[in-house]
Amino acid sequence: MKHYFRILFIAMLMSPLYVAADVMHYSLCTLSDGKTMADAQAWVNDWRQLVDRKGVNYKIRLLVPHASPEEPGQFFIEGSSTTLSTYAAAWEWWYSDQDAAASASQIESVAPCDSGAVYLTAD
């Protein structure tokens, strides 16, 4: 029995003291006629510079399905933030900032996207 408590104690010491979680948002997008993934990536590059300049805690990347996409020219935008608070602040910024509005127009001209789905991850 004493051995059992030692193993339990060691396991508790080795376990994480907190759970790290990100808030994830996925939007399905379809390239507009005449647009390419290079155009979408150009938007990502511009967007990353914008959020760095504005100090917004939100990261994005493009995910291209390699097996059975819904239709040709579709991809996902994966967005993430470290907490629900920073996620909410980022979306408030997205809908209220003039520079963010210009960025939204840029991606809409490249590839209109659905409203997306939100997930909370726990690693």
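Taking neighbour counts of Cβ atoms within 10 Å as a proxy for exposure, in what order, fewest first, do Ser81, Ser96 appear? If you can, show how the numbers build up before the last one.
Details: Ser81 20, Ser96 9.
The order, fewest Cβ neighbours first, is Ser96, Ser81.
Tell me which GluC sites (Glu not before Pro) from the stretch 21-113 have a DSSP coil assignment and no more than 10 other beta carbons within 10 Å of their own.
Of the GluC sites (Glu not before Pro), the ones in loops of the stretch 21-113 whose Cβ has at most 10 other Cβ atoms within 10 Å are Glu70.
Would you list Val56, Val44, Val64 from fewest to most Cβ contacts within 10 Å?
Val64, Val44, Val56
I need the per residue convex hull volume for the stretch 18-120, using only the alpha carbons, in cubic angstrom as a whole number.
Details: hull volume 10.9 nm³, N = 103.
Cα-based convex hull of the stretch 18-120, divided per residue, equals 106 Å³.
Could you list Asp52, Asp22 so that the one with the fewest beta carbons within 10 Å of its beta carbon is first and the one with the most is last?
Listed from fewest to most nearby Cβ atoms, that is Asp52, Asp22.
Rule-based calculations on the coordinates, nothing more; no lab input. Remember, predicted model here, so these are calculated numbers, not experimental data. Here the Cβ is made from the backbone with ideal geometry for all residues, glycine too, and neighbour counts use every protein chain on show.
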